[in-house]
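Worksheet for the structure shown next.
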Amino acid sequence: MGEKILMKGAEALGEAAIKAGCRFFFGYPITPQNEVPEYMSKRLPKEGGVFLQAESEVAAINMVYGAAGAGARVMTSSSSPGISLKMEGISYIAGAKLPCVIVNIVRGGPGLGGIQPAQSDYFQATKGGGHGDYRMIVLAPSSVQEMVDLMGDAFDLADLYRMPTMILGDGMLGQMMEPVEFKERKPIALPPKDWATTGKKGRGKQNIINSLFLIAEECEEHNFELKKRYNEIEKNEVKFESYNMEDADVAIIAYGTTARIVKTAIKRAESKGMKVGLIRPITLWPFPEKVIAAAAEKVKAFLTVEMSTGQMVEDVRLAVNGQKPVYFYGRTGGMVPSPEEMVAEVEKILG
Amino acid sequence: MAQEIILAGFGGQGIMLAGKLLTYTGMLEGKNVTWLPSYGPEMRGGTANCTVIISDEEIGSPIVTNPSVALVFNNPSLEKFEPLVKTGGTLIVNTSLVTIKSKRTDINIINIPANDIAIELGEVKITNMVMMGAFVAATKAVSFEGVMDALKKTLPAHRQNLLPLNEKALKKGSELV
Amino acid sequence: MKKVFERPKSLTDVPFSYCPGCTHGIAHRLVAEVIDELGIQERTIGIAPVGCSVLCYDFFDVDMQEAAHGRAPAVATGIKRVHPDSIVFSYQGDGDLASIGTAEIVHAANRGEKITVIFINNAIYGMTGGQMAPTTLPGQKTTTSPYGRDTEACGYPIRISEMLSTLDGPAYIARASLHDPQNIVKAKSAIRKAFQAQVDGLGFSLVELLSTCPTNWGMTPVESLKWLEDNMIPRYPLGEYKVIEGVK
């Protein structure tokens, strides 16, 4: 077992990426995630890697595209407005079947919004914020330790399925300090990157990284191939945490920072005699719809809590499919829901 | 058992550092811990505060609305956090700078002229350690040895010579409780 | 019988998709010949732009990445940083490089990114159907400047080579033209110097090639060559704009 160290979420993300073999980072400053590029600028040169502060988020994601196409484990990090700028590149990365990791430390929006924690980029992350028929694997840690653990998964999943993977955090997770342990990861079998542009080096055949298909039939076939991959991911890679669900009357669905506040709320609700559980999606895409559908047979109602005006709740409703009522409680723009507010919502539901 | 602590004062009073040290001590003593800073434009000077939770159980929310302990280093911090301290909780006041008197009667109030003591000891920068000493004595959330151990582990090599001074500050703070 | 002319090894056996009389074919050939002559085909990685040459990954027989519109210098940066020993070039038109991709080209040049940029300036958007480009000449008619480019409303043609040569990062910047054999020979020499500068690790290099677009200019290929000579060269003087010590 490794030693526990006290680290800021953003820095832990950086160290975890390096431990996962990431040697290339391209980014642009934006609050509240500046500790990630700062950390990478300090550490990567010492690991023989490259940190480059790009001229914009647009350039940064296209550098990621180049480096990923060249076969490297590469990452970029930003916060909401910056991620919007990266959406073009992310669509190209998805279209060209390239693996990379993108970190979004979400802040309040829309527009310039604010710099406090938010979860209002859920749609953008899970529904394909860029153009075209694509998906991204989206991982939502709720502690600094989980940020570390999921970073390793993010790179492996990206390489395994040749697609972009996003870690969706928020300002609070990025700024808070918790003890972390960098556990030894079991290496998994990954396909060789024999498609990467390295120079032909005697290989004979050219390697071409591309997302252009001018013939509609070929473009459709390409999309079907992507879809096949997405189906496989939906089947194999769903992750969630179930907490206190055994005899819960109300199931709260929440992710990330909000989910840990829910845990505090559940304890308070318990002391008032209410039975409340939590289903915490760890993968936001693929979404854990089966476990939610199964829970619908047991609980009286669902309450989705988000730091938004209601985004994930749509997926919860699809999963519940009308079997039970689905309520929503959200704070937004950088406001964080308190345990007291959540308990009050549960009280309302249970009448 | 959980201690939910807010430390607040001016930027530059070592608030964040004291919070981190406390968190680190808790971690070394095998507790679950979180440290959450206020961040944003206010971190460029002005008021600074951070929340530290030290708990035997898994920590849910890292945000605390009603702290069990508040260490206030200046007047604005007292105004902001004094009303929020839980009934039965503890308010540790740096009376060298805080001139407002708390009117709460349902909490334990500890007055420490921390700046004056630090100056007496020869280094105003250890004001935060005087306050920490009071905190440790009042709450027993962590041990003195733990704090000293954490300091030893976090002070860079060329600052290790400051350990005795920090120890004096801690002791002095605790003696006034 | 002795073979006196053949396809460069660094071009594939795929027919070009360019319009008759377009000078892209000449530019492709020159780049491929230089790659052959420098013996770098097996370690070269190219970046295709968005524009008429979007399909150039089908024509250059080297590893290629297709980039989003204007982003080729950023993509090239990513590749070069991963494979510093490779030779990385981007091939970009005037809409791609001088309009939507100005930030990327300026900063790649300013970083002295060790890449080579082939910049095709034909004063018009070709693929999208002849719209006004940042390099369109004053008074020049296009489908989005049907009364001629009005500099009062649309500003002036942008001189990329001159602009980038004010930066410290570039090692070699030159403008050449493809309108006659003599200039084509000069263009090849410039392209060769640009690639050689990268091989020698000297810094960023760019060659701007004045080119024709008979289709969208509404001229015959021969008229186009004449128009280029008479109208573009006065506005875009030929020559070397930056040559640092060591460039061969």
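What follows draws every value from the coordinates through simple rules; no lab data is involved. The model shown is predicted, which means the values in this text are computed figures rather than measured ones. Cβ sites come from the backbone with ideal geometry, for glycine too, and all protein chains shown count toward neighbours.
DSSP bridge analysis restricted to segment B:2-175 gives an antiparallel fraction near 55%, rounded to the nearest 5.
Which of these, A:L226, A:L190, A:L303, has the largest mean-square fluctuation under a Gaussian network model of chain A (Cα springs below 10 Å)? Comparing A:L226, A:L190, A:L303 in the GNM, the peak value goes to A:L190. State whether segment A:265-351 is rounded, prolate or oblate according to the following rule on the C-alpha gyration tensor (a ≥ b ≥ c being the square roots of its eigenvalues): a/c under 1.5 gives rounded; otherwise a/b larger than b/c gives prolate, and the remaining case gives oblate. Oblate is the answer for segment A:265-351, as a/c is 1.5 or above yet b/c matches or exceeds a/b. Based on alpha-carbon atoms, the Kirkwood radius and the radius of gyration of chain A give Rg/Rh equal to 0.98. Charged neighbours of C:T136, selected by a Cβ distance under 12 Å, balance to +1 (K, R count +1; D, E count -1). Rounded to the nearest 10 degrees, the inclination of helix A:256-271 to the longest alpha-carbon principal axis of chain A is 20 degrees.
The Cα trace of segment C:24-243 gives Rg and Dmax of 16.1, 49 Å, the first to one decimal, the second as a whole number.
Taking the Kirkwood radius as Rh and the Cα radius of gyration as Rg, segment C:154-205 has a ratio of Rg/Rh equal to 1.05.
Between the helical axis of A:57-69 and the longest alpha-carbon principal axis of chain A there is an angle of about 60 degrees.
Averaged over peptide C:56-66, the number of partner chain Cβ atoms lying within 10 Å of each residue's Cβ comes to 6.
State the percent of C-alpha pairs, over all pairs in segment A:157-201, separated by a distance greater than 11 angstrom.
Details: 797 of 990 pairs.
Roughly 81 percent, once rounded to a whole number.
In chain B, the inverse of the mean reciprocal separation of distinct Cα atoms equals 15.9 Å; this is its Kirkwood hydrodynamic radius. Inter-chain Cβ neighbour count for A:68-75, averaged per residue, equals 5 (cutoff 10 Å, partner chain atoms only). In plain terms, chain B is cut at each of the GluC sites (Glu not before Pro) found in a DSSP loop with at most 13 other Cβ atoms within 10 Å, and the longest leftover piece is B:59-177. Building the convex hull from the alpha-carbon atoms of segment C:1-47 and averaging its projection over directions returns 4.5 nm².
From the square roots a ≥ b ≥ c of the eigenvalues of the alpha-carbon gyration tensor of segment C:49-107, which class results: rounded (a/c under 1.5), prolate (a/b over b/c), or oblate? Oblate is the answer for segment C:49-107, as a/c is 1.5 or above yet b/c matches or exceeds a/b.
Shielding of peptide C:81-93 by partners, expressed as the average count of other chain Cβ atoms within 10 Å per residue Cβ, is 4. The Cα atoms of segment A:200-288 define a convex hull whose projected area, averaged across directions, is 10.0 nm². Using a/c under 1.5 as the rounded threshold, could you call segment A:1-117 rounded, prolate or oblate? The axes a ≥ b ≥ c are square roots of the C-alpha gyration tensor eigenvalues, and prolate needs a/b larger than b/c, oblate otherwise. Oblate. Hey, how many Å between the Cα centroid of segment C:104-166 and the Cα centroid of segment A:34-78? Result: 30 Å between the Cα centres. Centroid-to-centroid, using Cα positions, segment C:5-63 and segment A:231-257 are 52 Å apart. Peptide packing for B:132-142, C:237-247, B:153-163, A:241-251 was compared via the average number of neighbouring C-beta atoms within 10 Å per residue; ordered from the highest value, the list is B:132-142, A:241-251, C:237-247, B:153-163. The C-alpha atoms of chain A define a longest principal axis, and helix A:339-350 lies at about 60 degrees to it.
Both radii come from the Cα set of the protein assembly as shown: Rg as radius of gyration, Rh as Kirkwood radius; their ratio Rg/Rh reads 1.07.
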